[in-house]
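The values are calculated or read from the model by the stated rules, or taken from the named source; none is laboratory data. The structure displayed is predicted, hence computed values, not measured ones. Counting neighbours? That spans all protein chains shown, and the Cβs are built from the backbone with ideal geometry, glycine included.
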Amino acid sequence: MVSIIIPVFNRAHIIEETLKSIISQTSKDWECILVDDGSNDSIETILDKYINIDVRFKFYKRPPNRLKGPSSCRNIGIEKSKGEYIMFLDSDDILANFCIQDRLNTFNKYLNLDFIVFKMNTFFNEIPILESEILQERVNEDYFFNFIELRSSWQVTSPIYKKNIIKKIGGFEEGLSIFEDLLLASKILFNSNNYLVFNNVDCFYRNNNDYFKKHKDISYSVKVVDSFFKLLEYESNLLNKESNLYRKRKLKKSIFKAYVSIFNTYVIPNFLIFKEKNNEIIDYLFTKKIIQKNKKIKLKLVNNLLKYVHKIKGLGVFRLVNLFIK
């Protein structure tokens with residue numbers, strides 16, 4: 001059986017399409033665990049309706065002693081789950097009607113795999129109608145380093161996992177409010193080479209203006225930078241566990257690439273807000289030997305220089321800064 005775990009928060013206006021896509025699955029071998037993160041809309045009324053329609057829907061509320069956020073809700077779902085396999089959905093995702101059946105068939109074909117990954121596409125207003133197709137395996141990449149560099153190779157709904165691999169890595173890190181899905185993927189890829197990635201599309205996420213509005217919001221930028229600092233702590237643990245010297249060096253480079261990405265995207269445009277936090281991150285990178293002393297000196301110099309040049313318009317400030325960062 002597949003346990004489908006969905007964290008929900010104030011999604012009464014949109015979640016029914018997600019639930020209908022689950023009910024319409026050609027496979028009936030599933031349960032759907034919905035965990036509320038403290039909603040104040042009518043979500044509970046809607047979920048009660050579906051629980052009465054189909055007992056495979058289960059509804060829980062995050063207890064007050066657990067941290068707020070999707071990570072805690074997903075971990076509660078893992079704890080409550082009864083399936084051999086686990087999938088994670090967001091509350092506005094849609095599954096093609098063959099999704100679960102095809103994923104189970106693939107596990108039956110490749111019995112040794114810990115997880116498999118399918119492709120996710122976007123939709124706007126109309127939900128696409130797809131038919132199941134012959135499996136097309138994706139050309140192999142080193143996905144682990146993609147995730148470390150904050151370049152997601154897949155979304156949280158794309159994989160289906162054997163429950164034991166999720167339990168082995170301890171589920172989601174509840175201290176992260178952003179990057180929690182990237183860290184989960186990194187931890188699983190660090191611990192398992194038994195997986196396949198396919199180009200076949202079997203799920204969709206909704207494309208709307210909320211994403212773009214959110215990324216322009218300064219409070220979101222603060223959350224990103226704070227979460228990245230916490231993410232570094234978890235990634236330094238992976239670094240300590242890595243015994244292969246080549247991969248250890250590559251991991252350090254990938255962590256630094258992630259820092260540069262955060263620095264360019266969030267720190268420079270809001271430098272006066274992030275100056276001190278950026279100094280803390282630089283010190284942490286040096287303390288954990290991710291960067292060496294000469295790099296630390298350059299980064300500190302850039303941090304001081306930005307006091308005077310952060311208001312420069314266009315690409316000039318990025319070019320100037322990247323001369324020092326390289």
**Complete:** Of the candidates Leu47, Leu104, Leu113, the one satisfying the condition of being surrounded by 15 or more Cβ atoms within 10 Å (Cβ to Cβ), over 19 Å from Ile14 (Cβ atoms) and touching a helix residue (DSSP H, G or I) at 6+ places or on another chain (Cβ under 9 Å) is Leu113
**Message:** As an exercise: evaluate Ser39 against (1) part of a helix (DSSP H, G or I); (2) among the polar types (S, T, N, Q); (3) within 17 Å of Glu16 (Cβ to Cβ) and give the number of the one condition it does not meet.
**Reply:** (1)
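What tally of residues in region 238-290 results from selecting those that are among the polar types (S, T, N, Q) and buried (at least 21 other Cβ atoms within 10 Å of the Cβ)?
So the answer is 2.
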**Message:** Looking at Gly38 and the list (1) of a type outside the set (S, T, N, Q); (2) under 22 Å from the mean Cα position of the chain (by Cα); (3) at pLDDT 95 or above, which single condition is not satisfied?
**Reply:** (3)
**Qualifying residue in region 112-126 (condition: assigned by the TED database to the domain that holds Ser158, part of a helix (DSSP H, G or I) and free of Cβ contacts under 8 Å to residues at least 60 places away in the same chain)** = no
**Message:** Go through (1) part of a helix (DSSP H, G or I); (2) in contact (Cβ under 8 Å) with a residue 24 or more places away in the chain; (3) within 24 Å of Phe190 (Cα to Cα) for Glu79 and report which single condition fails.
**Reply:** (2)
**Request:** Could you run through region 1-36 and say how many residues are in a strand (DSSP E or B) and farther than 15 Å from Cys203 by Cβ?
**Result:** 8
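Please go through region 1-42 and give me each residue that is among the hydroxyl-bearing types (Ser, Thr, Tyr) and under 21 Å from Ser158 (Cβ atoms), ordered by number.
Selection gives Ser3, Thr18, Ser21, Ser24, Thr26, Ser27.
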**Message:** Can you tell me which of (1) out of contact with any strand residue (DSSP E or B) (no Cβ under 6 Å at 6 or more places or on another chain); (2) within 16 Å of Val156 (Cα to Cα); (3) in a helix (DSSP H, G or I) is the one Arg74 doesn't meet?
**Reply:** (1)
**Fill in**
Exactly one of Phe145, Phe88, Phe57 is in contact with a helix residue (DSSP H, G or I) (Cβ under 7 Å, 6 or more places away or on another chain), within 30 Å of Arg249 (Cα to Cα) and of a type outside the set (Asp, Glu), and that one is Phe145
